[in-house]
1. Given a Förster distance of 30 Å, report the FRET efficiency between GLN313 and ALA197 from their Cβ-Cβ distance, rounded to the nearest 0.05.
2. Mind listing P(r) for region 37-84? All alpha-carbon pairs, 10 Å bins, whole percents.
3. List the relative contact order of region 180-246 as a percent without decimals, with contacts defined as Cα pairs under 8 Å and 6+ residues apart.
4. Sorted by packing (mean other beta-carbon atoms within 10 Å per residue), highest first, where do 47-53, 81-87, 363-369 land?
5. Using a basic spin-label model with each label point 7 Å from the Cα along Cα→Cβ, how many nm lie between VAL97 and ASP74?
6. Quick check: Cα centre of region 225-250 to Cα centre of region 310-363, how many Å?
7. Starting from the exponent 0.38 and prefactor 2.2 Å, build the expected Rg for region 311-352 from its residue count and divide its actual Cα Rg by it.
8. In a shell of Cβ-Cβ distance under 12 Å around ARG29, excluding ARG29 itself, what net charge do Lys and Arg (+1) and Asp and Glu (-1) give?
Amino acid sequence: MIRILLALIVWVTPALADIRIDPDRSAVRDGWWRLQIDLGLSDITPYRLFTLDAPRRLVLDFENVDWEGLREADLLAPGRATGLRFGPLQEGWSRLVIDLAEPMAVSEAGMRKTDDGALLSITLKGATANAFAAAAGAPEQVPGEPYNMSQRQNDGTMVVVIDPGHGGIDPGADRGGVREAPLMLALGREVADALHAVPGITPVLTRDGDHFVPLNARISHARAVGADLFISLHADALEEDAAQGASVYTLSGDGGDGASRRMVERHERGDLLSGVDLTGQGDRVASVLMDLARQETGPAARRFADLLVQEMQDRGVRLNARARREGQFIVLSAADFPAVLIEAGFLSNADDRARLTDPAQRAAFAKAIAAAVQSWADIP
């Protein structure tokens, strides 16, 4: 019943409008020892970026961006960028190519909501020729195509999608030489291994490498493989080091508490795709259908989260003082399958860093997740 409802949601939701570039808020110009790229857009939209060598250039691919009426002179102040061009790439996608006068590396990239729509800001700083050449290369995935995820086998097994947060150009939190993206990928693989040992469970990773996967693509790909449960893995970082321990989030009906809102902002800004919100689309039919679907998946997610907290406590996993929380994370917004987000700990805390980088302690974490899934699915 739930999957029929979601098929209807896709049918009634209107197509996305073209995203426009505002030249008054856009520029490709030199800064102090850097190249600064600012693009003012009419709304948030998925994008990716990469560099190519011989000749050196920065490439940006956008979904639903319309470049009509723009000229190179509207955006470019020549310097470290010597030229640019833009145009359609494939159905629903377009490309911007910026020629570089010297080897440069992306040091910052982020898209955020603004009063005028959205702003994409990218900063490039100097790099050696060898470093640029080593990092250059087009991604294997074509925009709009699914990432490499196993297709569901119709054998009656339960599909559990494990989502290691961040990846690729979005490394997530970074403290004490420990980066969130590779650490969560290691934990995700260990969770998948633990779930493989449970009869009747098929684990699937949203990424099994250092790839950037947009937030909405993580949900779409989980749906494509027939997810019965979605588990997103993250590790937080604060300015201070007092906070520690794991917590488990389910979707809230409001913005959640202050800590939840801060973590939503950090994770989703870091994932380069914050601001995706179906609730403002004005489609009352879709909204009603999603609410009906969540009458089943919402309680199921909360029951799994409660079981997971108990299993972690029983297995000696360090828990936060408030181990059960709610927030409006995008990866929790799917209506057709239960979803939880696990903050495995705080990289800003030395004790948590030590626990999360210790394979033995991560193994206890993974076993707790597998045990909670087994209990939740009522598998003997």
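Values quoted throughout were computed directly from the atomic coordinates according to the rules given, and no laboratory measurement underlies them. Note that the coordinates shown come from a computational prediction; the quantities given were computed from them, not determined experimentally. Reconstructed Cβ throughout: ideal geometry from the backbone, glycine too, with neighbour counts over all protein chains shown.
1. On the way: r = 22 Å, r/R0 = 0.72.
Rounded to the nearest 0.05, the efficiency is 0.90.
2. In whole percents, the pair-distance histogram is 19, 52, 29, 1.
3. 33 percent
4. Result, highest mean Cβ count within 10 Å first: 363-369, 47-53, 81-87.
5. So the label points at VAL97 and ASP74 sit 2.0 nm apart.
6. First find each Cα centre; the distance between them is then 4 Å.
7. The reported ratio for this selection is 1.41.
8. Local charge sum for ARG29: 0.
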